[in-house]
Amino acid sequence: MATGQSVNERIYMVIRQVPEGKVTTYGQISKIVGTASARQVGYALAAVREGMAVPWQRVVNSQGKVSLSGSEQQRLLEAEGIEFDAQGRIDLKRFGWSGPDDAWLEANGFDVTWFWSR
DNA sequence: CTTCTGACGAAAT
DNA sequence: CATTTCGCCAGAA
């Protein structure tokens, strides 16, 4: 594992891998990081400040909805090509990120075993 | 040093 | 479908 780094730092590393036009979920990030619960991912995002280069807007909840209702998160995603339905939800089948590739995981010290059950 | 408080998820009830 | 329970980080007061 990427030792010497805090849980939050590992969470940010993973989120930075999400490409524009795709979204990921709190649960998926927690599985990739391995040592973080979905709740901790939420804590980590709440601690993000400007200048950290973390595309926090690409992280939505398991229902495909943005966490910050009434904020600018949805507008930022629409600008990247993400579509929302009438209920304000994103179709994860179409816009969901499939995850980092094995090479990246291994190069950064993450456990690749989560791939076996994805 | 202690307490409080958040961008969440899955399973059980 | 709504509510409850647990998991257990990091910064502010």
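The values are calculated or read from the model by the stated rules, or taken from the named source; none is laboratory data. This one's a predicted model, so the numbers in the text were calculated from it and none came from an experiment. Cβ placement follows ideal geometry from the backbone for every residue including glycine, while neighbour counts extend to all protein chains displayed.
What to note about this one:
- Of all residues making up the stretch A:31-41, the number that are within 9 Å of DNA strand B (Cβ to nearest atom) and farther than 11 Å from A:Val59 by Cβ: 4
- Answer residue from the stretch A:61-71, given it is surrounded by 11 or more Cβ atoms within 10 Å (Cβ to Cβ) and more than 16 Å from DNA strand C (Cβ to nearest atom) and is nearest to A:Val23 (Cα to Cα) among those: A:Val66
- In the stretch A:77-105, the residue that is nearest to the chain's Cα centre (by Cα) out of those that are within 16 Å of A:Arg16 (Cα to Cα) and part of a helix (DSSP H, G or I) is A:Leu77.
- Options A:Gly4, A:Gly99; residue that is loosely packed, with under 11 Cβ neighbours inside 10 Å, at pLDDT below 95 and either within 10 Å of DNA strand C (Cβ to nearest atom) or closer than 18 Å to A:Gly109 by Cα (or both): A:Gly4
- For A:Val23, the test of being among the hydrophobic types (A, V, I, L, M, F, W, C), modelled with pLDDT of 95 or more, touching a Phe, Trp or Tyr at 6+ places or on another chain (Cβ under 7 Å) and more than 10 Å from DNA strand C (Cβ to nearest atom) is passed.
- The residues in the stretch A:34-60 that are assigned to a loop (DSSP other than H, G, I, E, B) and surrounded by 15 or more Cβ atoms within 10 Å (Cβ to Cβ) can be counted, and the count is 4.
- Every condition in (1) surrounded by 12 or more Cβ atoms within 10 Å (Cβ to Cβ); (2) part of a helix (DSSP H, G or I); (3) more than 16 Å from DNA strand C (Cβ to nearest atom); (4) not aliphatic (A, V, I, L, M) holds for A:Lys31 except the one numbered (3).
- Looking only at the stretch A:1-28, residues that are within 15 Å of DNA strand B (Cβ to nearest atom) and outside any helix (DSSP H, G or I) come to 6 in all.
- Selected residue (only one of A:Ser71, A:Ser30 is without any contact (Cβ under 8 Å) to a residue 24 or more places away in the chain and more than 12 Å from the chain's Cα centre (by Cα)): A:Ser71
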